[in-house]
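First the structure, in the form of structure tokens, and then the observations on it.
The values are calculated or read from the model by the stated rules, or taken from the named source; none is laboratory data. Owing to the predicted nature of the structure, the values given are computational and were not obtained by experimental measurement. Heads up, the Cβs are rebuilt from the backbone with ideal geometry, glycines too, and the neighbour counts pull from every protein chain shown.
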Amino acid sequence: MWTNFTNRASHLPGKLKRLSNYPTFPSASSILCLQDFGQGSILPQTKRPFDLNWLPHSLCFPFSEKGCRSNCALWKLIDLSHRSGKHFGFNTISRGLAILAEEFASTDVDEYAEDGPDWKVMKSSEEISKKKRTALAEARKFSKLRSRQIKLETEAWEQAAKEYRELLEEMCKKKLAPNLPYVKSLFLGWFEPLRDKIIEEQEVCRDVHCRAPYAPCFNLLPADMIAVITMHKIMSLMMNGDGVGSVLVVTAACHIGEAIEQEAKIQKLLEKTRKKNKREKKKEGMGYDDEVTIEQEHLWKKVTNLIKRKKLPLVRQIVEEQDDSKPWGQDLQAKVGSRLIQLLLESAYIESPVSQSVDGLPDIRPAFRHSMRNVKRDQKKICRRYGIIECDPLVHQGLDRSAKHMVMPYMPMLIPPITWSGYDKGAHLFLPSYIMRTHGCRQQREAFKRTPRNQLQPIFEALDTLGNTKWQINKEVLKVVDSIWSSGGRLADLVDREDIPLPEKPSTDDKDEIKKWKWSLHSAKKKNNEMHSQRCDVELKLSVARKMKEEEGFYYPHNLDFRGRAYPMHPYLNHLGSDLCRGILEFAEGRPLGTSGLRWLKIHLANLYAGGVDKLSLDGRIAFSENHLEDVIDSAERPLEGRRWWLSAEDPFQCLAVCKVLAEAIRNPSPGSTISHLPVHQDGSCNGLQHYAALGRDKLGAISVNLVNGEKPADVYSEIAARVLEIMLRDADKDPAIYPNALLAKLLVGQVDRKLVKQTVMTSVYGVTYIGAREQIHRRLKERELIADDRELFRASCYAARITLTALEEMFQAARAIMNWLGDCAKLIASENQPVRWTTPLGLPVVQPYRRVGRHIIKTSLQVLSLQRQTEKIMVKRQRTAFPPNFVHSLDGSHMMMTAVACKKARLSFAGVHDSYWTHACDVDQMNRILREKFVELYETPILENLLESYQRSFPSLSFPPLPERGDFDIKDVLHSTYFFN
């Protein structure tokens, strides 16, 4: 038997060659330290440098500690691996396996003759052969997926340019335009003129006398690739803008310049790793005997060998070490982008349909216009004059149907992301990936890079866990979405695909009527622009879903914002998105429901239906679902032809997805054996207030937000609404002549409910101001259309906001005390012109980025641009008001990442959306236990004491206020709270 195994092991290098294609192959010890080994493994449990979840289980061989000689050659190999820190290639490991097998083979007869019955347990040679074939198939599949992923990251723009070239050739041969979608035909019409303009510009830039600042950058890529990037970027920005088909010149220029730089770096990396022939060497003036050439030859051989073994992180590291080019910087990016925009303006034209022209002659006009316009940005009252690129209305009409033709570099990955190991080391294979979104804050970037790697290891592990969750498209739900969308939308919260008609101008000279018409016209145009933006968003999401629906699975690499909250790097279709996104995404791995899973699926259905049902006890929610089983089955079998019960849910597409699984389970004679891919959510109860209650050990607050067990879930929003109503009823009885708000109280008494105050309560712990609360309540009241007069609506919103904030302060005094203490500390630090810093419980350094913005003027070929740059002057007020919500966000991010790592160790699939944790239905009970344990573990550490101590150590000359008084709430009560997360 062991002779057969010896032969198999000795032939593994050739047959499993592709397995060595993984970027960082593990050491020999990691190959054997797999899940199939029991506690009697021949290898020590320590020193397992890699988690080989990607390795096919069929490569795991069962060994026993018996019979492994102490002088085994493989032990020497493993010992050498540990001492040197090297990770041997697969050939070396295979040789080690063969040696090990030979060692076992020599003991087959003598030492195990009497152990015959034990060998019956071992797998037969046929089973091993079957596993071997499975391993080979999985290795080939992984290699193919990896090759596709490399192409997706490195050849996206090149493939688009190639497609346009081929279409142009087809047009020339057949002397007719191919039947293309509208926007793609526009791209094709602009491609050749723009490419020719760029070629001309490249010729000018090659001239030694050319002094254009962008000249060195214009020849780093082929002209056709630059043309495609420019076209797609400008159209993508107009789709993602404010919905009016325009974009600021400074925004467009910086984005286009950044995309060109990024692609140039990728192409340079690929060129550096390409082996050159003798003619190319001669052309570049390389000799054959100088030291530089020998060194370069050695480097090329090393890089080529690494590429063959697909060790791309090492390739990237070598190239970065050899790359002496400096980053372009924002100035140069803006100048390159501005020149390309100018060339696009000069070459892109559009022809309106002949039927629209009176004389039948073609109406050819520029596709884009450059103009100056007063723009109010970031909800500021002050308007500034900005350069605008605006597309023609005919181009604008096709924007919402063009998403499928856009190049999206950062797509979901087909293979697990590279594990994070540094600030810019991890996630994608070639595309630039950064672990933190610093938004240009140099201090935050430097703080992260200075932090020891072992301190950041929990952060890396958590992000890797989130990134390794495998997803797939729910094809049944996507089919329903496509059907609704192709029929014009308007169902399940999908936007109407048609604009609302504009009101006709009245045939009167009455000023009031004209004024009313102008207001109605403005409102209709604004509504149409909003709907257009929503249609573009839906198209982008559905475009990604259609591209990924045939994939067996895909992955979302994650990174952090500066506070430590995790986000998927792909921006369009991800589980942080809307009900549409969540409805068409599911886990790629399916698991049987079991009795527990079936119960949680019914609870999940009630939670998604909402409308007050989600505030019932768990038994009440189960009863609701069981009372609607006929509606569930009807929704699953005839979603659009039946009673459409699922459309009345608050989250209709997610509700439909649950209906389909639940209906399948009902039809199954053994419901618990039904395989479910659906993630079931467990959401925190006003999670920000939960963290404040835990920080302050506030018992009353803890009861209000379900940190303490109860028969049914406490609803803090309803409690606040009841308190607001109580205050308003008291005010309504007062004399309006003495107390003017009495009239407003009478007006609002009938409108106070949970929904009116929910957003304000939710954001109160994140620093919502009176103005913010007023705007939130104003939107809710306007939706109800019960107060027609705008002035009266504004006054009512002001009054309701003040009462709501008063009720919040009364109910959550401990939370307010902690918020005030955090704000006071931040004010002291910021007054020293220092940013507020802290370290999260997981070891992540956080630096608040709020500094005064300066303006930097640069001249481009298109216009003078004003670029923003952070100065060294700290914004004291912003640092103070932002610190409490940012600090709490860093705590909820820590809790989520601690839970993610623990779930991974428990072998659960896990996804997180800040304060909403997802896993399979059958694993909800286990995840609930884990997330409660991690919350208790988080708050058993003296978080506020550690924060104060760090500030006193960093600023010894400042006198910080004492910590606010804490209550007597026992944090371990959370372990027994049913509705803490539910």
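Descriptive notes on the structure:
- Selection status of Leu345, at pLDDT 85 or above and surrounded by fewer than 19 Cβ atoms within 10 Å (Cβ to Cβ): yes
- Restricted to the range 930-970, and to residues there that are out of contact with any helix residue (DSSP H, G or I) (no Cβ under 6 Å at 6 or more places or on another chain) and β-branched (Val, Ile, Thr), the residue that is surrounded by the most Cβ atoms within 10 Å (Cβ to Cβ) is Ile943.
- Filter pass, Arg437 being touching an Asp or Glu at 6+ places or on another chain (Cβ under 6 Å), more than 20 Å from Thr919 (Cα to Cα) and among the basic types (Lys, Arg): yes
- Looking only at residues of the range 481-496 that are buried (at least 17 other Cβ atoms within 10 Å of the Cβ) and more than 25 Å from the chain's Cα centre (by Cα), we find that the one that is nearest to His677 (Cα to Cα) is Ile484.
- For Ala721, the requirement of being crowded, with 17+ Cβ neighbours inside 10 Å and in contact with a Phe, Trp or Tyr (Cβ under 7 Å, 6 or more places away or on another chain) is not met.
- Taking the listed residues Ala665, Ala649, Ala606, the one that is outside the structural domain of Met239 (by TED's automatic domain parsing) and either of a type in the set (S, T, N, Q) or closer than 19 Å to Leu494 by Cβ (or both) is Ala649, with no other qualifying.
- Yes/no for Leu431 being surrounded by 18 or more Cβ atoms within 10 Å (Cβ to Cβ), in a loop (DSSP other than H, G, I, E, B) and hydrophobic (A, V, I, L, M, F, W, C): yes
- Those residues of the range 912-969 which are charged (D, E, K, R), in contact (Cβ under 8 Å) with a residue 60 or more places away in the chain and either assigned by TED's automatic domain parsing to the domain that holds Leu618 or within 17 Å of Gly688 (Cα to Cα) (or both), in sequence order: Asp915
- No other residue among Thr469, Thr465, Thr438 is modelled with pLDDT under 90, farther than 30 Å from Lys527 by Cα and surrounded by 19 or more Cβ atoms within 10 Å (Cβ to Cβ) apart from Thr438.
- Test result for Val836, within 24 Å of Asp561 (Cα to Cα), in contact with a strand residue (DSSP E or B) (Cβ under 7 Å, 6 or more places away or on another chain) and not assigned by TED's automatic domain parsing to the domain that holds Leu729: no
- Exclusive hit being in contact (Cβ under 8 Å) with a residue 12 or more places away in the chain, of a type in the set (A, V, I, L, M) and closer than 29 Å to Thr978 by Cβ, set Leu747, Leu656, Leu729: Leu656
- Pairs meeting the criteria (first residue in the range 360-384 and modelled with pLDDT under 75, second residue polar (S, T, N, Q), beta carbons under 9 Å, at least 6 apart or on different chains) are Pro362/Ser352; Asp363/Ser352; Asp363/Gln356; Asp363/Ser357; Cys383/Asn374.
- Figure legend. Inter-residue proximity from the range 842-863: first residues touching a residue at least 60 places away in the same chain (Cβ under 8 Å) and assigned to a loop (DSSP other than H, G, I, E, B), second residues of a type in the set (Ser, Thr, Tyr) and surrounded by 22 or more Cβ atoms within 10 Å (Cβ to Cβ), beta-carbon distance below 6 Å, spacing 6+ or different chains. Indicated pairs: Leu842/Ser894; Thr860/Ser338; Ser861/Ser338; Leu862/Ser338.
- Number of residues in the range 519-539 that are polar (S, T, N, Q) and under 20 Å from Glu504 (Cβ atoms) equals 4.
- Residues satisfying the stated conditions in the range 889-908, i.e. within 14 Å of His920 (Cα to Cα) and part of a helix (DSSP H, G or I): Ala900, Cys903, Lys904
- Residue within the range 655-676 that is within 24 Å of Asn820 (Cβ to Cβ) and buried (at least 19 other Cβ atoms within 10 Å of the Cβ) present: no
- Members of the range 426-441 that are under 17 Å from Gln149 (Cβ atoms) and not small (Gly, Ala, Ser): His428, Leu429, Phe430, Leu431, Pro432
- Residue within the range 290-312 that is loosely packed, with under 15 Cβ neighbours inside 10 Å, modelled with pLDDT under 80 and under 30 Å from Ile858 (Cα atoms) present: no
- Members of the range 797-824 that are closer than 26 Å to Arg697 by Cβ and among the aliphatic types (A, V, I, L, M): Leu805, Ala807, Leu808, Met811, Ala814, Ala815, Ala817, Ile818, Met819, Leu822
- Candidates Glu539, Glu589 - the one that is out of contact with any Leu (no Cβ under 8 Å at 6 or more places or on another chain) and crowded, with 18+ Cβ neighbours inside 10 Å: Glu539
- Restricted to the range 937-977, and to residues there that are among the small types (Gly, Ala, Ser) and part of a loop (DSSP other than H, G, I, E, B), the residue that is nearest to Ile818 (Cα to Cα) is Gly967.
- Qualifying residue in the range 469-476 (condition: over 18 Å from the mean Cα position of the chain (by Cα) and either under 30 Å from Leu938 (Cβ atoms) or part of a helix (DSSP H, G or I) (or both)): yes
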